[in-house]
Each structure stands twice: as C-alpha cells, then as structure tokens.
Amino acid sequence: MKTVLSGIQPSGQLTLGNYIGAMKNFVKLQHDYQCNFMVVDLHAITVPQEPEALREQSESVAALFIAAGIDPNKSNVYLQSHVPPHAELGWLLTTLTSMGELERMTQFKDKAEGKDSVGAGLFVYPSLMAADILVYNADLVPVGDDQKQHLELTRDLASRFNHRYGEYFTIPEAYYPEVGARIMSLDDASKKMSKSNPNPGSHITLLDPPDVIRKKVSRATTDSGSEVRYDPKTKPEISNLMSIYSQCAGVPIKDVQAKFEGVMYGGFKKAVAESIIGVLEPLQKSYEEIRQSGQIHDILAQGAERALEVATRTVDDVKERMGFLPRKC
Ligand code: AQP
C-alpha cells in the first residue's frame with residue numbers, strides 16, 4: 001500500500017482554508033493509502049507560542065482530525081514531537097540544504113517581513129518538513145498550494161540524497177484539491193486565509209458558531225459589480241467565495257455560476273454561509289464528543305507508536321548510508 005503523509009500546525013484555531021486545502025483530502029485518501037496525519041507542533045514553535053496554548057491547540061487539532069472523519073484505527077494520528085526521528089532526520093537533511101534554497105522560500109519571506117528578529121527555526125523549517133515526508137518514504141502529500149515550494153525542495157533533497165548515498169528515498173508527489181487549493185482571506189483576496197492573521201474577520205475557524213460564520217461571510221469584501229461570476233483575476237473576492245461554496249456545498253465550480261445567475265451578492269453570501277455551516281455544524285458536534293470522551297491521548301499514543309517504528313528504521317538506514325558508526329547494542 002502506498003503511503004500518505006501530511007500535517008497541520010497547532011499555531012491557532014484551524015481555518016476553513018486548512019480544511020478545504022488539506023483536511024478534506026486527508027479524509028478522502030485514508031481509504032486507499034497507509035496514512036500518517038500529524039499535528040506538527042515542532043513546526044508551530046518556529047514562531048513564539050504560549051506553552052499552555054500550544055498544549056490546548058495540539059489536542060484540539062488532533063480532535064478536529066478525528067471529527068472531520070479520519071479513522072484512527074486506519075490512519076496514524078499523532079504529534080510530531082512524539083516521534084523524535086523527525087527532528088533527527090530534519091537535522092541530517094538541513095546539512096544537505098543550501099542557504100540559497102532556504103532564502104528563496106516565499107513563506108519564510110512572508111513570515112519574516114517587517115520583523116526585527118526572526119528565529120533560525122523559521123528559516124530551516126522546510127528541511128524539517130522534508131524530513132516529515134521522507135521519514136516514511138511517503139508517495140503522496142495532500143497540501144494546499146502554499147506548500148508547493150516546500151514540496152519541490154523535499155523532492156530535490158530526496159534526489160540529492162539518493163545521488164550521493166545511493167537510491168533510498170521515494171520522490172513524493174503533491175496532491176492538491178482541484179478547487180480551493182488556496183482559499184483567500186475574507187478581508188483581502190490577495191492574501192491566503194491564515195489562522196495566525198490577527199484580524200478574526202479575515203478567516204473562518206472550524207469552531208466558529210453559525211452566527212459568527214454568517215456575520216463574517218456577510219462582511220467579506222466583495223468586488224465591484226454585482227454579478228456572481230468565477231474569474232479569479234478580475235473578481236478575486238467573489239471567486240474565492242465561489243470556491244468556498246463549491247467545496248462546502250459539493251457543487252462543481254462550473255455549475256456555481258449558473259446556479260446564482262441573477263442573484264445579488266447579498267443573496268449569494270447567505271448561501272455561502274449556510275453551505276459552510278452545513279459542513280461545520282456536524283464536525284463541531286463530533287469534536288465536542290471526542291474532547292469530552294478523553295480518548296484523544298490514547299489515539300495519539302497509538303499513532304505515535306506505529307509511526308515511530310517506521311521512522312526509526314529510516315533514520316537508522318540514512319545514518320548508516322551517511323557514514324555514522326552504529327551504536328553497539
Ligand atoms: N488558505 C488556505 N487554503 C488552502 N490550503 C491552506 N492551508 C493553509 N492555509 C490554506 C493548508 O493547510 C495545511 C496546514 O497548514 P499549516 O497549518 O501547517 O501551515 P500554513 O500553511 O502556514 O497554514 P496557516 O493557516 O497559514 O497557518 P499559520 O498562520 O500558522 O502560518 C497545509 O497543507 C496548507 O497548505
């Protein structure tokens with residue numbers, strides 16, 4: 001069975017962008033692949049996190065994975081920090097990565113912009129992400145398209161290692177949603193929707209109650225004109241809402257325009273909000289049940305144990321190929 005790997009940072013409340021861009025595909029792929037879905041807490045600390053908030057968010061993201069429909073008996077659901085080989089392979093791959101490659105990463109540039117001091121962890125984040133993927137020799141990586149550049153680097157590092165030390169790593173492929181690979185911010189369609197955006201009106205979180213969702217969508221910025229037409233270049237704001245509607249209502253994007261022909265923006269926004277609520281209400285209900293059941297720690301322990309077995313073997317193989325002396329047992 002081929003392997004899937006992906007992760008989400010517990011760096012805030014997950015957004016509809018995280019759901020449409022990544023989680024929805026996690027649920028879809030779990031039936032045909034051996035899947036590893038991680039809460040990437042080691043990535044989250046590349047920007048400052050309050051310890052108590054990090055603990056709460058880590059548990060919350062894991063519970064959201066299950067609430068969204070991931071079956072923990074089929075897929076491994078765990079915290080990145082519970083599987084130390086990620087960090088070890090991350091370091092080994094950092095030594096194969098050039099400064100120039102890391103300097104070209106647009107996510108680093110975006111997150112570092114305007115900051116007086118930027119942590120080195122944020123800079124080397126892409127080599128840790130490469131390790132996350134390669135430690136399982138993953139074939140497929142379901143992500144939003146903001147991760148494209150990081151995935152290209154992962155593929156380059158895998159090829160570089162194979163070239164230097166002999167064929168070992170699988171070259172992974174990205175798996176993007178057809179529509180919604182980049183959900184944009186509700187207040188500015190030139191920026192992606194992000195959980196760390198300080199303006200709560202810019203994003204819908206997976207735990208927003210229905211009234212908040214209605215309010216945020218009704219206040220979303222719209223383009224001039226009044227026609228509901230899909231054209232991301234000239235109508236980026238309405239096209240973003242159409243992508244959200246398409247993904248939440250399960251209507252192909254080509255049919256969304258026909259469905260809302262002659263409908264004004266206000267009426268369309270109401271339909272968008274209800275389509276989001278239709279997806280998030282049941283998810284929130286099962287999220288509450290999972291949190292209250294107290295099962296999440298057992299699920300995470302079981303997932304980490306299974307992941308650790310594979311990851312340890314990979315790091316041992318990699319170290320042997322790179323010339324490290326084996327520890328005498
Ligand atoms: N707006 C988005 N549209 C589609 N996909 C998205 N993803 C994130 N935002 C969007 C996808 O969600 C997965 C998990 O992302 P992450 O939490 O690991 O990091 P991120 O991409 O940096 O997401 P955020 O929400 O913007 O987090 P912060 O604000 O903490 O940096 C990835 O597959 C990502 O592509």
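The values are calculated or read from the model by the stated rules, or taken from the named source; none is laboratory data. Note that the structure is a prediction, hence the values are computed from the model and not measured. Please note: Cβ atoms are built from the backbone with ideal geometry, for glycine as well, and neighbour counts cover all protein chains shown. Surface areas here come from the heavy atoms of the whole protein model, side chains and all, with no ligands, DNA or RNA. Shrake-Rupley method; radii C 1.70, N 1.55, O 1.52, S 1.80 Å.
In segment 196-210, what residues are within 13 Å of the ligand (Cβ to nearest atom), touching a residue at least 24 places away in the same chain (Cβ under 8 Å) and open to solvent by 40 Å² or more (accessible area, probe 1.4 Å)?
Across segment 196-210, the qualifying residue is only SER196.
Among the residues of segment 51-73, which ones are within 14 Å of the ligand (Cβ to nearest atom) and under 30 Å from ASP116 (Cβ atoms)?
ALA53, LEU54, GLN57, SER58, VAL61
Of all the residues that make up segment 147-186, how many are touching a Lys or Arg at 6+ places or on another chain (Cβ under 8 Å) and of a type in the set (Asp, Glu)?
0
Among helices (runs of 4 or more DSSP H) lying entirely in segment 39-95, which contain 3 or more residues that are out of contact with any strand residue (DSSP E or B) (no Cβ under 9 Å at 6 or more places or on another chain)?
Of the helices (runs of 4 or more DSSP H) lying wholly inside segment 39-95, those with at least 3 residues that are out of contact with any strand residue (DSSP E or B) (no Cβ under 9 Å at 6 or more places or on another chain) span 51-68, 85-94.
So, in segment 173-182, how many residues would count as being assigned to a loop (DSSP other than H, G, I, E, B), more than 12 Å from the chain's Cα centre (by Cα) and either more than 10 Å from the ligand (Cβ to nearest atom) or among the hydrophobic types (A, V, I, L, M, F, W, C) (or both)?
Residues meeting the conditions: 2.
Please go through segment 6-36 and give me each residue that is touching a Pro at 6+ places or on another chain (Cβ under 9 Å) and either within 11 Å of the ligand (Cβ to nearest atom) or part of a loop (DSSP other than H, G, I, E, B) (or both), ordered by number.
Matches in segment 6-36: SER6, ILE20, GLY21, ALA22, MET23, LYS24, ASN25, PHE26.
Select from segment 237-269 the residues that are among the charged types (D, E, K, R) and surrounded by fewer than 13 Cβ atoms within 10 Å (Cβ to Cβ) and list them in ascending order.
If we filter segment 237-269 for residues that are among the charged types (D, E, K, R), which is where we start, we get 237, 254-255, 259, 261, 269.
Listed by number, the residues that qualify are LYS254, ASP255, GLU261.
Collect the residues in segment 211-222 that are part of a helix (DSSP H, G or I) and open to solvent by less than 20 Å² (accessible area, probe 1.4 Å), keeping them in residue-number order.
Scanning segment 211-222 gives ILE213, VAL217.
So if I check each of GLU167, GLU152, which one is free of Cβ contacts under 8 Å to residues at least 24 places away in the same chain, under 30 Å from VAL315 (Cα atoms), within 14 Å of the ligand (Cβ to nearest atom) and not hydrophobic (A, V, I, L, M, F, W, C)?
Checking each option against the conditions leaves just GLU152.
I'm told CYS248 meets every condition in (1) part of a helix (DSSP H, G or I); (2) more than 20 Å from GLN80 (Cα to Cα); (3) out of contact with any Ser or Thr (no Cβ under 7 Å at 6 or more places or on another chain) except one. Can you identify the failing condition by its number?
Just one mismatch for CYS248, condition (3).
Among the residues that make up segment 223-236, is at least one of them under 28 Å from LYS285 (Cβ atoms), touching a residue at least 24 places away in the same chain (Cβ under 8 Å) and open to solvent by less than 40 Å² (accessible area, probe 1.4 Å)?
Taking every residue of segment 223-236 in turn, none turns out to be under 28 Å from LYS285 (Cβ atoms), touching a residue at least 24 places away in the same chain (Cβ under 8 Å) and open to solvent by less than 40 Å² (accessible area, probe 1.4 Å).
Output the residue which, of all residues in segment 104-145 that are more than 30 Å from GLU178 (Cβ to Cβ) and in contact (Cβ under 8 Å) with a residue 40 or more places away in the chain, is nearest to the ligand (Cβ to nearest atom).
Here is the first cut: in segment 104-145, the residues more than 30 Å from GLU178 (Cβ to Cβ) are 112-124.
Okay, now just the ones that are also in contact (Cβ under 8 Å) with a residue 40 or more places away in the chain, so 119, 121-122.
Values: GLY119: 14, GLY121: 13, LEU122: 10 Å.
Among them, the one singled out is LEU122.
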